[in-house]
Amino acid sequence: MRHLPSALAMSFALAAAAAAVPAAAQEAPVAPAAGSDSGLGDIVVTAQRREESLQDVPVSVSVLSGDTLGAITSTGSDIRALAGRVPSLNIESSYGRSFPRFYIRGLGNTDFDLNASQPVSLVYDEVVLENPILKGFPIFDLDRVEVLRGPQGTLFGRNTPAGIVKFDTVKPGKTGGYARASYGRYGTRQVEVAAGAADDSGFSVRLSGLYQHRDNWVDNIATSKSKDLGGYDDIAARLQLQYESGPFTGRVTGQVRVYDGSAIIFRANTQVPGSNSLVGLGGAGTEFERDKVWQDGINFQKLNTYNAALNLEYDFGAVTAYSITSYWNGNFKSRGDIDGGFGAVFLPESGPGLIPFQAQSQDNVPSLDQFTQEIRIASNNSGGLGYQFGAFYFDEGLDITSFEFGSPTAATPSAIAVQRQDSEAYGIFGSVNYAFEGGLTLQAGARYNHDTRDFVAARPVETRPDFVVNPNTPVPPQAARVKGKLLTWDASATYEASDAVTLYARVARGYRAPSVQGRLTFSRVISTADQEETMSYEAGIKTAFLNDRVRFNLTGYYFDTKDLQLTAVGGTANVASLLNVDAKGHGIEAELQAAPARGLTFSVGGAWNVAEIDDANAFVAGCGSATPCTVLDPQRPGSPGIFSIDGNQLPQSPKWTLNATAGYEIPVGDGAIYAFTDWYYRSKVQFFLYRSVEFSDDKLVEGGLRVGYRTDRFDIAAFVRNITNDESPTGGIDFNNLTSYVNEPRIWGVEAGVKF
């Protein structure tokens, strides 16, 4: 790490103090009370770095807050629970709770290496989190979650050609807080606390924290224990100190996360050749049991992340100046049984199904350092000419060590690969808008992006037997330097046709910096990908009717991406290699919200997304030779095992998604009895760049229900998540056998909360 102001280092002490608190959550607004006649109320977003009504923003934006956000985060869930809760958003992970991969409108990357680049950025209190182990920071004490679709490179910067997921925490400034605790199936426990204090001198503080726990609940039948895997302890805390005096506001933040638990559980041969239906440990004809595996490897995961930030703003009257300084640090260890089974075909015992060879690996991040600095000036006027401009700097240092083990429980690795990555980026940006009389607003912005990445990798230790894919020899250091630069921009027009109807159109150019892949535990060469460029066009209508009791927003879009960065993972060679392909997409997104009667609210959202590779020269290897999968793509002439992926829907990209919620409450005494339900459906997805029968899932349907009684201060409820106990694979491993991992189990429980 080359840049760490000493003032920021001091706030680590604040994070350490916050870690002593057992919990936190979002003090979110709730649906209108049963006796209320207020309609839906306005939704304020900061999609353009200023507070605006959702209905006035010329961007396809969805917001999660209130009952919906509270329901999906009350059961020990992590950030993956946001998947599908708004149109066109998918989130999955092959690591579990620590390494989420985001997809918007089909654009994403299935790369599992710990320096993986993604086209969707997570922005946490105005700070972009680049590395995947930072993006899984827990959800607690949030004001709202915003999902911005399409390129967001002008105002939010780094690697946002598909969009951003934006978290805004509750800030200091008020005295009071809340606490809530829940207990559910598998010993799932969650405690959240937030407390704030403010005085007349301008000082305020907010302390918040989260504690999540689940017992081990998956029975590994290879051991004598009854429950072996699936448990975790996840602790996060945040301390914010703020001072306000006239036009000046300053805030120091310290955050910490400590995770200790299971890595994701890989399951061998959960499908039989020619089918993508889940089967049990006994193979075809046996019932899949989510709480049973048969494994001989070691499974654990440990993650620590720390953050210190300093936010300054000064209101000069006509403009406000902002400075956002942030430092993140992390370390990570994760080991899993990659073949997902027991033994191997050449050993006395093995299963379930065919296990060609044993595969156990571990990935570590000994050190991650990310420093960002942004300075921005924004006009304060609400009409006429508005503007904002600024500069951004990003610096990252990352070390990665990967291990392969010769036997399932070996302590000494048979192969070690190391990576070192140093990334530096800066951007200069500006945006102007003008509100004309008559309801027309025009806006345009641009950002100059410049990125440099230096990378070195080696495999200094290699003692594996000769049956592995690559020769039994070390790999000397290899280095790469990639550079990217591009002027990204956007332009939009918004027309308020009436108080009820707003029309908008937007065109934007997005960019992702070039990247490097150097996972050498099996491969012998590193790979690079050129910078990615996207042109996006969208138009929509935003409406509000019946005294704001009904809102309906509709968006249509088209994008054309040149040199989309994708990663071919696994396959016959069991390597992860970057490639650039062209892709095109189009679709429609719709959202309806309504409060038709007192105490009754509901919402429905949906998306149709076509995101296809459009490149006749795009070829990848299919599943491993030992893996009996059925590839559906045409083979390249003269190249057995190599397949064309031209025309394929991008991996983890469903063409159809649907989400819905409904809430109703009846006044009783000083409060109300209420019920709230939320649902998510997605259509078929493929797990890899090539299409196959086995490495896919036809659909996923998950729902939740919450029933309780609440007053202005107290809330007690019973809940259930994944109410139908949907069992769906969410990803796979294709180099050894038909390995997959599956969605979260059904969880039920009770929760109690209090505001103070």
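Based on the Cβ-Cβ distance of L487 and F203, what FRET efficiency does E = 1/(1 + (r/R0)^6) give at R0 = 60 Å, to the nearest 0.05?
Efficiency at R0 = 60 Å is approximately 0.90.
Lysines near K225 by alpha-carbon distance under 19 Å, same-chain residues fewer than 8 away left out - which ones?
Within the straight-line limit of under 19 Å, K225 reaches these lysines: K292.
Just report the Cα centroid separation between segment 226-288 and segment 370-397, whole Å.
That distance is 33 Å.
Whole-Hz Karplus ³J(HN,Hα) for segment 333-350, in order, using 6.51 cos²θ - 1.76 cosθ + 1.60 and θ = phi - 60°, x for Gly and Pro?
9, 8, 10, x, 8, 6, 6, x, x, 10, x, 7, 4, 8, 9, x, 9, 7
Between V127, G518, G187, whose Cα lies farthest towards the positive end of the dipole of the chain when Lys and Arg beta carbons carry +1 and Asp and Glu beta carbons carry -1, centred on the Cα centre?
G518
Pulled fully out, how much extra length does the chain show between S53 and L554, if you take 0.36 nm times their separation in residues and subtract their Cα-Cα distance?
178.7 nm
With +1 assigned to the C-beta of every Lys and Arg and -1 to the C-beta of every Asp and Glu, and no other charges, what is the dipole magnitude of the chain about the Cα centre in debye, to the nearest 20?
That gives a dipole near 440 debye.
Let's test the formula: R0 of 35 Å, r as the Cβ-Cβ distance of F288 and W748. What FRET efficiency results, to the nearest 0.05? Mind showing how you got there, number by number?
On the way: r = 20 Å, r/R0 = 0.58.
The formula returns an efficiency of 0.95 here.
So, in nm, how far is label I716 from label I298 when the simple model puts each one 7 Å beyond its Cα toward the Cβ?
Those two pseudo-labels are separated by 4.7 nm.
Roll a 1.4 Å probe over the protein heavy atoms and report the accessible area of F389 in Å², nearest 10.
My reading of the accessible area for F389 is about 100 Å².
Modelling each spin label as a point 7 Å along the Cα-to-Cβ direction, I'd like the K584/D233 distance in nm, to one decimal.
Taking the simple label geometry, K584 and D233 are separated by 5.5 nm.
Report the calculated FRET efficiency for T630 and L312 (r = Cβ-Cβ distance, R0 = 56 Å), to the nearest 0.05.
Taking R0 as 56 Å, the efficiency between T630 and L312 is 0.45.
Beyond 23 Å, what percent of the Cα pairs of segment 310-462 remain?
62 percent
Can you pick out the pairs among K485/K684; K166/K302; K684/K755; K174/K542; K171/K699 whose Cα atoms lie more than 32 Å from each other?
In this structure, K485/K684; K684/K755; K174/K542; K171/K699 exceed 32 Å between Cα atoms.
How much accessible area per residue does segment 622-756 have, in Å², with a 1.4 Å probe?
41 Å²
To the nearest 500 deg cm²/dmol, what mean residue ellipticity at 222 nm is calculated for the chain from DSSP H runs of n ≥ 4 alone, each contributing -39,500 (n - 2.57), summed and divided by the residues?
Numbers: 4 runs with 23 residues, N = 756.
That calculation yields -500 deg cm²/dmol at 222 nm.
For a quick check: with amide H placed at 1.01 Å from N, whose amide H comes under 5 Å from F522's, ignoring anything fewer than 5 positions away on the same chain?
The answer is none.
Which percent of the accessible area of the chain is formed by carbon and sulfur heavy atoms (probe 1.4 angstrom)? Don't skip to the end; give the middle numbers.
Details: 15900 of 26810 Å².
Answer for the chain: carbon and sulfur cover 59 percent of the accessible area.
Just grab the label-to-label distance for N617 and K655, each label 7 Å out from Cα along the Cβ direction, in nm (one decimal).
Distance between label points: 2.9 nm.
How long is the gain from I541 to D698 if the chain were fully straight, where each residue apart is worth 0.36 nm and the alpha carbon distance is subtracted?
53.3 nm
What are the ³J(HN,Hα) couplings of segment 132-140, residue after residue, when phi is run through the Karplus curve with 6.51, -1.76, 1.60 and θ = phi - 60°? Round to Hz, x for glycine and proline.
Taking θ as phi minus 60°, the curve returns x, 6, 7, 5, x, 4, x, 8, 7 Hz for segment 132-140.
Taking 0.36 nm per residue of separation and subtracting the Cα-Cα distance, what length does fully extending A497 through Y434 add? Before the final figure, lay out each step's value.
Details: separation 63, 0.36 × 63 = 22.68 nm, distance 1.66 nm.
In short, 21.0 nm is gained.
The values are calculated or read from the model by the stated rules, or taken from the named source; none is laboratory data. Bear in mind that the values here come from a model prediction, so they are computed numbers and not experimental data. All Cβ positions, glycine included, derive from the backbone under ideal geometry; neighbour counts span all protein chains shown. Just so you know, the surface numbers come from the protein's heavy atoms only, side chains and all, with ligands and any DNA or RNA stripped out. Shrake-Rupley method; radii C 1.70, N 1.55, O 1.52, S 1.80 Å.
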